[in-house]
1. Counting residues that are modelled with pLDDT under 95 and more than 25 Å from residue 42 (Cα to Cα), which strands (runs of 3 or more DSSP E) fully inside region 159-241 reach at least 3?
2. Identify, from the list 15, 45, the residue that is crowded, with 17+ Cβ neighbours inside 10 Å, modelled with pLDDT under 85 and under 23 Å from the mean Cα position of the chain (by Cα).
3. Name every residue in region 173-200 that is loosely packed, with under 10 Cβ neighbours inside 10 Å and among the small types (Gly, Ala, Ser), in order of residue number.
4. Which pairs have Cβ atoms under 7 Å, sit 6 or more apart or on different chains, and link a residue in region 184-199 that is in contact (Cβ under 8 Å) with a residue 24 or more places away in the chain to one that is surrounded by 12 or more Cβ atoms within 10 Å (Cβ to Cβ) and of a type in the set (Phe, Trp, Tyr)?
5. If residue 211 meets every condition in (1) touching a strand residue (DSSP E or B) at 6+ places or on another chain (Cβ under 7 Å); (2) loosely packed, with under 12 Cβ neighbours inside 10 Å apart from one, which number is that one?
Amino acid sequence: MLKKTIFVFLLLLPILLFGLSRISINKLINAKWHTAVSFYDDWSISFKKNGKAQIYFSGFDQGSCYTSSYKIVNNKVVISNFKECKNNPGNTREIKETEVLTCSLIPEKNAMDHIEKLFCSKQFNFKNLTLKVPNGASRVLKGYPVYVYKREMITTWNLVIRSKPTVASKKVFYVERVIKGDNVKDVTRKSIPKGSKVKVLARTTKKHKVGKWSNYWYFIIIQSVGDHNNFEEKEGWVFGEFLK
């Protein structure tokens, strides 16, 4: 355990001291690089020692696979020579063969789930999910000081989601897909039903007064049906008095 702690500390040391991340082949091939933390509607890339890389897209009802070449130039990763995999599951091209991605390794000081990302473009913004942010870490989330508090909790009452950690802020609605036997129905929820499981990412550093209660606000994400019948994640704040 001590050796692992020292190893992680040494990996983080350049970021803590200098605010930058050095790119190495070992880091590229040993890390898990994903654009989405939930691995849903997600691009991922894996690197090999021989200068080859594979990019894969996993979506709601489709996937795409591409091989490519890469090299490290001036502490940047240059990815090019894209070709469809032989067994490409996709039916449309997402990446042109002539496309060239130039990627920088950027530290993420306030992310909830990762400490750095390989930024190539708005579409290809790969998070390093190998080095996790520990619970209890201090962050600033949408302007509010929080502690990372990743866990699953259960609502003890119908719980309204807010856009900010205050009851005066806008309510956040989501769409739940309800399946009963052969019947499928999308229901717009103005609150999370009692007894529902919610995924918590963080909580405020201080307790807040709401009515007669004093508790933390918790930042959550919840699955919602999107405009194109695909699933997406809605996010917002809920008051902790009604979570367990």
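The values are calculated or read from the model by the stated rules, or taken from the named source; none is laboratory data. What you are looking at is a predicted structure, and each value in this text was computed from that prediction instead of being measured. With ideal geometry, Cβ positions are generated from the backbone for all residues, glycine too; neighbour counts draw on all protein chains shown.
1. On the way: elements: 174-180, 183-189, 197-204, 208-210, 213-215, 217-225, 231-239.
Counting at least 3 such residues, we get 183-189.
2. Details: 45 fails: modelled with pLDDT under 85.
Answer to the selection: 15.
3. 181
4. Short answer, once both residue conditions are applied: 190/173; 194/157.
5. Unmet for residue 211, out of (1) touching a strand residue (DSSP E or B) at 6+ places or on another chain (Cβ under 7 Å); (2) loosely packed, with under 12 Cβ neighbours inside 10 Å: (1).
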